Structures are given as structure tokens and as C-alpha cells.
Amino acid sequence: DLEFTVARDLAAAICSHLVSRGSPLDWCCQTRADNLDPEIVGLMKRAGCRLVHIGVESGSPEILSSSGKATSKEAIHNGIRMLEAAGIETLAFFMFGLPGETGAQRDETIRFAVDLDPTYASFHFATPYPGSKLFAAAGLSVADDLCFPLVPPGENIDELKRWVRKGMRSFY
């Protein structure tokens, strides 16, 4: 599930059902760090959750705000620590190429990834999907190619690739 704990009551019901059945499987999900609390995290662990993917996107508060992420670095940090304290591995996703992002903000994202220290980190290009704010901000239509990185004005794909490699090298 891409946003498992957004519908918290449903997530709790699914986890409770798995616990009542003896948690016969290991599973993972994706969610927002700011949609976690100790109760749901503990229930997820008892239900067999072994890995949670968290879309961090950026380590820059300005980019998080302008991208509509509606979360903070502190909330992301707290969510990752909560999962790890429960014995659940974490995979944090980071993106480069968000509108208005500077090189200094990309460096801030890499530093945040290293400081956050999730179990795994993954660095990607920002990709605009139909219906997203990023898609609208890029001025795209559904007739456009739907699976491509967003290359900011004045940059090229090779520059984004360098940032992805720098993120991976810095983290690992």
C-alpha cells in the first residue's frame, strides 16, 4: 500500500486481523512518517511488518513546503526513529529536480539522508505524474510522455544523474 497508515483505522484493522491469525507473513508498505504513532507502529510490527518505505523527497524545509509535502524534517526523523525502535527496517526515498531546487538544497538533502540514517536510502529524479502538483507545475498534459524525469530549466539529465550518484555514494 502506498499510503498504508493514512486510513489509520483501516490499517489498524488489517494489522489486528493479521495478529489474530498469527501473522503468517512478513510484509512491507509505504507511508508518510508523519502518519505514524507508537501504537500503530507496534501493531504493524506484531502483524509482521518488516520494512516501511518513507517518501522523504527533500532535506530542505523550503522544498518540502513548496512541493506540498506538508511535513517537517522533525516529523520525518521521528517517524524513522519510531519504526527503528520497534524493530522495523526503513527505506527512505529522496528526489532531485524538484521545482526551484538549488545545488545547496540538494546537498542539504544528502546531508539529511546521512543524518537520518534509515536502513536503506534510494535517490531518484523527480517524476511528474498526472494529477500531481508537480505535473501541473511543469505545465504538462496527459498527452505528454508520462514516465520521464523532470529536468529543471538550465540543467540536463546528466546533471541529475550526478546528483543521484552523489547521494548514493554519500549515503552508502
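Across the protein chains, with a 1.4 Å probe defining accessible surface, the residues 15, 28 rank 28, 15 from largest area downward.
Listed by chain and number, the aspartates and glutamates placed with their C-alpha closer than 13 angstrom to that of residue 45 are 26, 37, 84, 89; residues fewer than eight positions away on the same chain are left out.
Simple spin-label estimate for residue 3 and residue 159 gives 3.2 nm between the two label positions (7 Å along the Cα-to-Cβ direction from each Cα).
Helical content alone sets the calculated 222 nm signal of the chain at -13000 deg cm²/dmol, taking -39,500 (n - 2.57) per DSSP H segment of four or more residues and averaging over every residue. Cα to Cα, under 25 Å, and not fewer than 8 places away if on the same chain: which lysines meet these conditions relative to residue 166? Qualifying lysines at Cα under 25 Å: 69, 73. Shown are 53, 17, whose ranking by accessible area with a 1.4 Å probe and every protein chain present, most to least, is 17, 53. What the Cα convex hull of the stretch 21-107 gives, in volume per residue, is 89 Å³. With distances taken between every two different alpha-carbon atoms, the chain has a Kirkwood hydrodynamic radius of 17.0 Å. Proximity of backbone amide H atoms, modeled 1.01 Å from N, is registered between residue 92 and 54, 120, 121, 122 at under 5 Å, excluding neighbours fewer than 5 places apart on the same chain.
Evaluating kT/(6 pi eta Rh) at 20 °C and 1.002 mPa s, with the Kirkwood radius of the stretch 96-144 over Cα pairs in the Stokes-Einstein relation, gives 171 µm² s⁻¹. The label point for residue 133 and the one for residue 120, both projected 7 Å from the Cα toward the Cβ, are 2.8 nm apart. Comparing Cα centroids, the stretch 98-124 and the stretch 12-91 end up 19 angstrom apart.
Per-residue extension of 0.36 nm, minus the Cα-Cα distance of residue 91 and residue 70, leaves a gain of 5.6 nm for this segment.
The values are calculated or read from the model by the stated rules, or taken from the named source; none is laboratory data. It should be emphasised that the depicted structure is a prediction, and the values quoted were computed from it without experimental measurement. Every residue, glycine as well, gets a Cβ built from its backbone with ideal geometry; the counts of neighbours run over all protein chains shown. Just the protein is used for accessible areas: all its heavy atoms, side chains included, with ligands, DNA and RNA removed. Shrake-Rupley method; radii C 1.70, N 1.55, O 1.52, S 1.80 Å.
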